[in-house]
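A.B. asks: Quick one: structure below, then a few questions.
The values are calculated or read from the model by the stated rules, or taken from the named source; none is laboratory data. Computed from a predicted model, the values in this text were never measured in an experiment. Quick reminder, even Gly has a Cβ in these numbers, built from the backbone with ideal geometry, and neighbours come from all protein chains shown. The protein model used for the area step is the full one, side chains on, heavy atoms only, and it has no ligands, DNA or RNA in it. Shrake-Rupley method; radii C 1.70, N 1.55, O 1.52, S 1.80 Å.
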Amino acid sequence: SNSGRKIPTGWKPPSSVPECLLHSLEAFEWLRYRGRHGDKEMAAYVLKNATCLKTATFYPKSTHLGKKNRMIKELASELFD
């Protein structure tokens, strides 16, 4: 039963951007990306703040093509809204 467990509803960004995001992160990979609200917020935070980022790769947990496309569109809208 999940009744006693708290399910996270979102992700809270740190009060300041970590130095590694600003100065050294060049590649970012997210395995089993699920596209939940908190996932999108965290991914958008990393992509917006990683100033040295060269590549970002997301591997969706779902293998369903329609779901994968929707997840990528939702993430893009989170980035560019």
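A.B. asks: I'd like the full set of residues that are of a type outside the set (S, T, N, Q), modelled with pLDDT of 60 or more and assigned to a loop (DSSP other than H, G, I, E, B), limited to region 1-23. Give the derivation first.
C.D. replies: Our first condition is that a residue be of a type outside the set (S, T, N, Q); within region 1-23, this holds for 4-8, 10-14, 17-23.
Okay, now just the ones that are also modelled with pLDDT of 60 or more, so 10-14, 17-23.
Answer for region 1-23, where residues must be of a type outside the set (S, T, N, Q), modelled with pLDDT of 60 or more and assigned to a loop (DSSP other than H, G, I, E, B): Gly10, Trp11, Lys12, Pro13, Pro14, Val17, Pro18.
A.B. asks: What single numbered condition from (1) open to solvent by less than 70 Å² (accessible area, probe 1.4 Å); (2) in contact with a strand residue (DSSP E or B) (Cβ under 8 Å, 6 or more places away or on another chain); (3) in a helix (DSSP H, G or I) fails to hold for Leu53?
C.D. replies: Looking at each condition in turn, Leu53 falls short on (3).
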